[in-house]
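> The structure follows.
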Amino acid sequence: MKRLLLITLLAACRLLPTSAADAEMPIIAFNGVPSWQTADAHFLTFSECGFNVSLAPYPSLDQLVKACRSAERSGVRVLGRCPEMVSNPTLAARTLKQERGFYGYYMQDEPSVAEIHERQKEIERLATTDMTHVFYINLFPCYREDWIQSATKAKTYPEYLRAALATSCQQLSFDFYPVTTGGLRPTWYHNLEMVRSESLAAGKPFWGFVLSVPHDVPFTPATYYPTPTLPALRLQVYANLAYGAQAIQYFTYWTPAPGRFNYHDAPVDMNGRKTATYATVQQMNSELRSVARLFYGSRVLTVGHLGDIPQGTTRQTEMPLNIRSLRISGRRGAIVSQLEKDGHRYLAVVNKDHERRMTVRIRTQNDTPRHLTKTLQEEPMKQSYTVAAGDILLFRLK
């Protein structure tokens with residue numbers, strides 16, 4: 001009975017605000033500031049890049065606490081893991097619960113279904129002492145359904161998602177890196193559709209990913225993940241937001257050791273020095289922090305596509321509220337998303353082409369709609385807009 005009560009409480013649990021940072025969308029860096037480089041200067045550089053949560057494992061609870069305190073001094077927090085979370089969960093949770101620079105418990109990246117069940121047992125032990133912080137598991141993408149079966153032991157990708165949603169994690173997190181030198185991965189939007197559907201059914205928000213470290217593509221020697229451009233980052237960020245993502249995560253901030261994937265040129269190199277990618281990500285995060293004020297805490301009502309209709313998606317056929325006509329001209333087409341927040345209805349149109357601009361022609365039914373800039377300032381409507389590669393166009397509909 002006691003264990004059942006705990007599980008019930010966990011299922012209803014959401015992150016409780018522990019600082020003003022919780023009013024902001026989490027902008028998370030996978031491979032954030034590593035355990036061997038937790039000086040204040042590194043967290044300050046991290047914060048200046050526009051991140052507010054650093055995700056990294058630590059070799060001990062003491063090291064994790066040290067990182068949390070350094071992070072707090074730079075206005076960011078740590079999503080971390082340490083051995084004591086398993087070996088002495090009461091001590092770990094009691095200690096970390098008091099740290100203002102602690103964001104949550106990093107349980108595992110890309111687990112199988114069996115591993116998800118094991119992580120849930122660990123979460124329950126930690127939550128006996130601390131139910132005020134995030135519990136985090138990140139899932140595999142669905143590049144191919146048959147590959148998912150072998151990697152996760154789930155029969156289908158939705159089944160895999162449901163296994164994670166059944167845990168006490170407050171969110172559904174998955175990674176997917178669509179931009180390659182061979183073009184966009186064809187299953188990206190279908191993956192977003194499945195995640196959005198299961199997220200809505202479970203009543204838990206989902207968190208999306210953006211790729212910020214060039215490297216080789218596994219199992220495809222002739223294809224690479226290229227150095228990120230601003231348009232490529234925009235497409236990944238804004239597509240996730242249009243589908244309802246409540247956090248944006250980057251893989252990675254700190255460049256991992258090259259290994260089999262030949263990682264290079266993340267925002268900072270292996271020694272913590274800024275690369276050319278740092279400025280690109282910094283600019284993207286500056287845009288994101290502004291636009292995120294609209295999307296964070298919103299409810300996405302509908303998502304449709306114009307132009308190319310990718311696998312697993314739906315063509316946009318009905319006109320958005322107070323819009324008479326909406327037409328686009330561009331190579332890839334657009335994502336059309338309607339969302340609600342604070343009693344208002346909004347429209348987001350994302351250019352699905354990260355290499356070329358798109359034209360949007362829009363006519364309204366009345367004088368209510370307004371164009372929104374990326375700083376969320378209202379402007380009078382025009383009949384035609386040019387949308388840069390991978391960029392987003394915003395309107396307030398009512």
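> What does the charge add up to near HIS215, with Lys and Arg as +1, Asp and Glu as -1, over the other residues with Cβ less than 11 Å from its Cβ? Mind showing how you got there, number by number?
Numbers: positive: ARG260; negative: ASP216, ASP265.
Within the 11 Å Cβ shell, the charges total -1.
> Also: For the ranges 130-138, 270-278, what's the packing order if you count other beta-carbon atoms within 10 Å of each residue, average per peptide, and put the highest first?
On the way: 130-138: 22.2, 270-278: 14.9.
Those peptides, ordered most packed to least, come out 130-138, 270-278.
> Running Debye on the chain with equal point scatterers at the Cα sites and no solvent, what base-10 log of I(q)/I(0) appears at q = 0.10, 0.13, 0.14 Å⁻¹?
The computed values of log10 I(q)/I(0) come out as -0.66, -1.12, -1.29.
> Sort the following peptides by mean Cβ neighbour count (other Cβ atoms within 10 Å, averaged over residues), highest first: 367-376, 343-352, 305-314.
Working: 367-376: 14.7, 343-352: 21.9, 305-314: 16.3.
In descending order of packing, they fall as 343-352, 305-314, 367-376.
> State in Å² the accessible area per residue of segment 8-159; use a 1.4 Å probe, count heavy atoms of protein chains only, and round to the nearest integer. Don't skip to the answer; put the middle values down first.
On the way: 6180 Å² over 152 residues.
Accessible surface, normalised per residue, equals 41 Å².
> For GLU122 and TRP36 in one chain, what is 0.36 nm times their gap in residues minus the Cα-Cα distance, to one decimal in nm?
Gain on stretching GLU122 to TRP36: 28.4 nm.
> Something else now. Out of all Cα-Cα pairs in segment 245-398, roughly what percent, to the nearest whole number, are more than 29 Å apart?
Working: 3209 of 11781 pairs.
Above the 29 Å cut-off, segment 245-398 has 27 percent of its Cα pairs.
> A follow-up question, please. Going highest first, how would you order 144-151, 201-208 by mean Cβ packing within 10 Å?
Working: 144-151: 13.4, 201-208: 17.9.
Highest to lowest by the protection proxy: 201-208, 144-151.
> For LYS66, give me every one of the aspartates and glutamates with a C-alpha distance below 13 angstrom, ignoring sequence neighbours fewer than eight places off in its own chain.
ASP40, GLU99
> Just tell me which lysines come within less than 30 Å, Cα to Cα, of LYS155; anything on the same chain fewer than 8 places away is out.
Excluding near neighbours in sequence, the set is LYS121, LYS204.
> In addition: I'd like the distance between the alpha-carbon centres of segment 114-139 and segment 84-110, rounded to an integer number of Å.
10 Å
> Moving to a separate point now. Give me the distance between the Cα centres of segment 192-223 and segment 288-321, rounded to whole Å.
17 Å
> Size of the dipole of the chain about the Cα centre, Lys and Arg at +1 and Asp and Glu at -1 on the beta carbon, nothing else charged, in debye to 20? Let's see the in-between values first.
Values: 45 positive and 35 negative charges, 192 e Å.
With Lys and Arg at +1 and Asp and Glu at -1, about 920 debye.
> Using only alpha-carbon positions, what ratio does the radius of gyration of segment 19-114 give when scaled by 2.2 N^0.38 Å? Before the final figure, lay out each step's value.
Values: Rg = 12.8 Å, N = 96, 2.2 N^0.38 = 12.5 Å.
For segment 19-114, the normalised Cα radius of gyration is 1.03.
> In addition: Give me the extension gain from ALA257 to ARG356: residue separation times 0.36 nm, minus the current Cα-Cα distance, reported in nm with one decimal.
Values: separation 99, 0.36 × 99 = 35.64 nm, distance 3.34 nm.
Gain on stretching ALA257 to ARG356: 32.3 nm.
> Hey, with R₀ at 56 Å, roughly what FRET efficiency would GLN377 and SER87 work out to, going by the Cβ-Cβ distance, to 0.05? Don't jump to the answer; show the numbers that get you there.
Numbers: r = 52 Å, r/R0 = 0.93.
The pair GLN377/SER87 has a calculated efficiency of 0.60.
> When the helix-only estimate is applied to the chain (DSSP H runs of n ≥ 4, each -39,500 (n - 2.57), divided by the residue count), what is the mean residue ellipticity at 222 nm, nearest 500 deg cm²/dmol? Write down the numbers at each step before the final one.
On the way: 11 runs with 126 residues, N = 398.
Helix contribution divided over all residues of the chain: -9500 deg cm²/dmol.
> Follow-up question, since we're still on this one. Can you work out the FRET efficiency for the pair HIS344 and GLU145, with r the C-beta to C-beta distance and R0 = 41 Å, to the nearest 0.05? Numbers along the way, then the final one.
Values: r = 38 Å, r/R0 = 0.94.
Computed FRET efficiency for HIS344 and GLU145: 0.60.
> Another question, then. So how far, in whole Å, is the C-alpha centre of segment 161-185 from the one of segment 328-390?
What the calculation gives is 26 Å, centre to centre.
> Express the relative contact order of the chain as a whole percentage, based on alpha carbon pairs under 8 Å and six or more residues apart in sequence. Mind dumping the intermediate values first?
Numbers: 885 pairs, mean separation 50.7, N = 398.
Computed value for the chain: 13 percent relative contact order.
> Separate question: Under 16 Å between alpha carbons, and skipping anything fewer than 8 positions from LYS398 in its own chain: which lysines qualify?
Partners within reach: LYS341.
> Can you tell me the length gained on complete extension of the stretch LYS155 to GLN108, counting 0.36 nm per residue apart and subtracting the Cα distance? Kindly include the intermediate steps, with their values, before the conclusion.
On the way: separation 47, 0.36 × 47 = 16.92 nm, distance 2.08 nm.
That pair, LYS155 and GLN108, stretches by 14.8 nm at full extension.
The values are calculated or read from the model by the stated rules, or taken from the named source; none is laboratory data. Keep in mind that what you see is a predicted model, and the values were worked out from it rather than measured. Cβ atoms come from the backbone with ideal geometry, glycine included; neighbour counts cover every protein chain shown. Note: areas computed on protein heavy atoms with side chains; ligands, DNA, RNA excluded. Shrake-Rupley method; radii C 1.70, N 1.55, O 1.52, S 1.80 Å.
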